[in-house]
Each structure stands twice: as C-alpha cells, then as structure tokens.
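What follows is a set of notes on a single structure, which appears directly below.
The values are calculated or read from the model by the stated rules, or taken from the named source; none is laboratory data. Being a predicted model, the structure only gives us computed values, none of them experimental. FYI the Cβ positions are ideal-geometry reconstructions off the backbone, even for glycines, and counts take in every protein chain you see.
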Amino acid sequence: MEPLLKVDNLEKHYERGGPFRVHKRVTALTAVSFMIYPKTTLALVGESGSGKSTLALCIACLENPTAGKIQFDNNELTGLTERQLRSVRPQIQLVFQDPANSLNPRMTILEIVTEPLIIQRRLSKSEKSQQARELLDCVGISPEKALRRPDELSGGQKQRVAIARALALKPKLLILDEALSALDCSVQAQVANLLLELQASLGLTYLFITHDLRMAVHLADEIAVMDHGKIVELGKAEKVLHSPTQFITRQMVNASMGTSATPQRPEES
C-alpha cells in the first residue's frame, strides 16, 4: 500500500529581526521525515514549542517549508503555485484546539457546517443543507441544535461541530491539532471514541497532534515524538509506550502514568 502522506527531510526556518537590523534565523523544523498510510492514525507527540503545529501548517499548505518534500496522494506539494494549492487544501482539513475561537459566533451550527460547501461551490442549496444535517447527525449533534449558535453549545458539542465542518469537503487527511486538550477528561474520551467511529465508518486518515501520550496510544497506530523541531522517536504506539528509547519519551511515559520517578539521562559516551 502506498502512503497517503510522505514527508521527507522537511525543514522550516524563520528570519526574525534583531537589534541593529541583524536578522536571526530561528529553526522550527529539522530533517523531519515520516509516512502516514490510508485509514490509519499517526500521533505527533511533543511538548509546547517542539514544532508540532508548524509541521501541521506546512502539511496543510498554510506555511511554505524552507526545504524538503511533502508528497500527498502521490502528488508533490512543495513548489506548487498558490492557484495549484487551492485544489489541494480541501483534501487536507484542520481541527484546532479551541472550538470557541474556530467557530463563527454569528452563524448557526447548520450555516457553519454548510460554509465550506458554499466556498467551494459544491452541490445545490438543498443538497448543501441535507449534507450538513447528515454530518451533524454523524458527529452526534441533534437536529434541534442545528439552528442554534455556538455559544449555546457545550465545549464538547462545539468540537463535534468543528469536526463536522472539517468533514464537509470529504478530506483525505484530517489534522487534529490538540483538538481534545481544551475539553474535560470525560468529554475527551467521548470525542476520541467518536473519532475512532468516524475513522472506521468513513475510512479517514488522521494526523493527531497532542502532548497527551495516553490519548495518543488510545487513538494512534504509530507515534512520532518531537523535540526541538526533530522527530526523535517513531514506532508502533504500544512499542513507544512500553519500550521508549529516548529520554524525552521516557519523561512523557512517566508523566502519562502519573509516576514521580525521574528517568535518567543516558551517560555521555
């Protein structure tokens, strides 16, 4: 089976101004490589500032990488013109951390889910409404809530709406950028199980970005651990959990297990 997404030696640098007009190069990503196969989930795990969200924006064609390649559905994305990227972006959709900030408060739930279809000029008016209602039903939002506004919903319901909106264009890849971290623990579990159900029924492929190793193991087939812009560990989810090879991974495993023991750094050779 061919991978849906293949990232090869991706680099991302930013130039920031300093005193006396001296520009400083900030490295966000260094030699990042991995693959995601269709209908599977790769969890990208790391602390804040490790480069996870920058990588997500590059894959979603919202940031231009400095070097390296991104191959999606057998097409090379790096180097495409803005016009060419417009046809790719609907196939890669993002769900963000805070649904309250990602949903337009002036629109009804039905309008929010219908909006991507309007922008892409897909389907007739009645077909758009019907598809949006079906998507809301898929994510567990009852029909009577379709005409309400986001501030009338709970945090978990808002995130379900954000997921429905992301699925409106039938993407091949869904990037979930800390999509569960703003929710209460019980609601996290409900939405995580919803993601698994949608993956099974719709054949979805996920890039799940998180700092929560336990949730990564629950959702993912493979886990990639990021640290300072690099992938330092990559493997099957259970293997990364039970046999971590890197210090940063062992720290995260201990934190996820609620243990107080501090992992020892390997001795310098």
- Message: Scan segment 106-117 and tell me whether some residue there is in contact (Cβ under 8 Å) with a residue 40 or more places away in the chain, closer than 23 Å to D8 by Cα and buried (at least 19 other Cβ atoms within 10 Å of the Cβ).
- Response: no
- Spot the failing condition for L241; the list is (1) touching a residue at least 24 places away in the same chain (Cβ under 8 Å); (2) under 25 Å from F72 (Cα atoms), and only one is missed. (2)
- Message: Given the criterion in a loop (DSSP other than H, G, I, E, B) and either at pLDDT below 95 or under 14 Å from the mean Cα position of the chain (by Cα) (or both), identify the matching residue among E268, E238.
- Response: E268
- Determine which member of the set S142, S129, S124 is more than 24 Å from the chain's Cα centre (by Cα), surrounded by 13 or more Cβ atoms within 10 Å (Cβ to Cβ), modelled with pLDDT under 95 and among the small types (G, A, S). S129
- Item | Filter result (part of a helix (DSSP H, G or I) and small (G, A, S)) within segment 122-169 | S126, S129, A132, G155, G156, A162, A164, A166
- Message: Quick check on segment 26-53: of everything there that is at pLDDT below 95 and of a type in the set (S, T, Y), which residue is surrounded by the most Cβ atoms within 10 Å (Cβ to Cβ)?
- Response: S50
- Message: Quick check on my filter: what residues within segment 120-155 are within 23 Å of L196 (Cβ to Cβ), among the small types (G, A, S) and without any contact (Cβ under 8 Å) to a residue 24 or more places away in the chain?
- Response: S142
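Could you grab me the full set of residues in segment 196-219 that are part of a loop (DSSP other than H, G, I, E, B) and in contact with a Lys or Arg (Cβ under 9 Å, 6 or more places away or on another chain)?
G203, L204, T205, H211
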- Item | helices (runs of 4 or more DSSP H) completely within segment 60-121 that count 1 or more residues being within 29 Å of V187 (Cβ to Cβ) | 99-102, 109-119
- Task: Being at pLDDT 90 or above and among the aliphatic types (A, V, I, L, M) is the filter here, so list the residues in segment 91-116 that pass it.
- Result: I92, L94, V95, L103, M107, I109, L110, I112, V113
